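The next block holds one structure in the form of structure tokens; read it before the comments.
Here, each number is a calculation from the coordinates, and none is a lab measurement. Because the structure is a prediction, the values reported are computed rather than measured. Please note: Cβ atoms are built from the backbone with ideal geometry, for glycine as well, and neighbour counts cover all protein chains shown.
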Amino acid sequence: MKQVGTLNYLRNSNLLEIVWLDGRSLQIEGQKLRLACKCGDCSSDRQRDLPPADAERAFRVKAIEAVGSYGIRLFFEDGHNRGIYPWRYLEQIGDMDIERRLPI
Ligand SMILES: [Zn+2]
């Protein structure tokens with residue numbers, strides 16, 4: 001697995017930026033992060049094709065918390081904070097096309 005060097009949230013452009021120790025970087029839109037959230041609530045919303053109620057705030061990141069060396073937990077501005085994002089999953093999301101159906 002790739003090692004994480006630095007992690008930034010670019011508030012103005014609403015992008016999470018991960019810089020790996022090998023110098024490569026990845027930017028993921030807030031919307032994509034939220035739509036890829038794997039918590040039970042978001043998974044069941046996706047199964048029913050329900051978008052987040054407050055999309056404006058749902059797609060913006062308020063805070064980031066480390067989850068050991070495993071990954072991060074994201075706090076969204078609409079109060080949602082149940083999503084845990086392993087580094088490996090973030091790498092996968094980064095490569096995904098947002099138009100494509102995200103995994104449930
Ligand atoms: Zn969620």
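Annotations for the structure displayed:
- If you take the Cα centroid of the stretch 3-35 and the Cα centroid of the stretch 61-83, the two points sit 13 Å apart.
- Förster radius 22 Å - calculated FRET efficiency between Leu21 and Asn81, Cβ distance, rounded to 0.05: 0.20
- Sequence of Val67, Val61, Val4 once ranked by neighbouring C-beta atoms within 10 Å, starting from the fewest: Val67, Val4, Val61
- Here the sum of -39500 (n - 2.57) over DSSP H runs of 4 or more residues, divided by the residues of the chain, equals -6500 deg cm²/dmol at 222 nm, to the nearest 500.
- The label point for Gln92 and the one for Leu50, both projected 7 Å from the Cα toward the Cβ, are 2.4 nm apart.
- With N the number of residues in the chain, Rg(Cα) / (2.2 N^0.38 Å) evaluates to 1.01.
- Of the residues Cys42, Cys37, the one with the fewest other Cβ atoms within 10 Å heads the list, and the complete ranking is Cys42, Cys37.
- Arg57 versus Tyr9: modelled label distance in nm, points set 7 Å from Cα along the beta carbon direction: 1.4 nm
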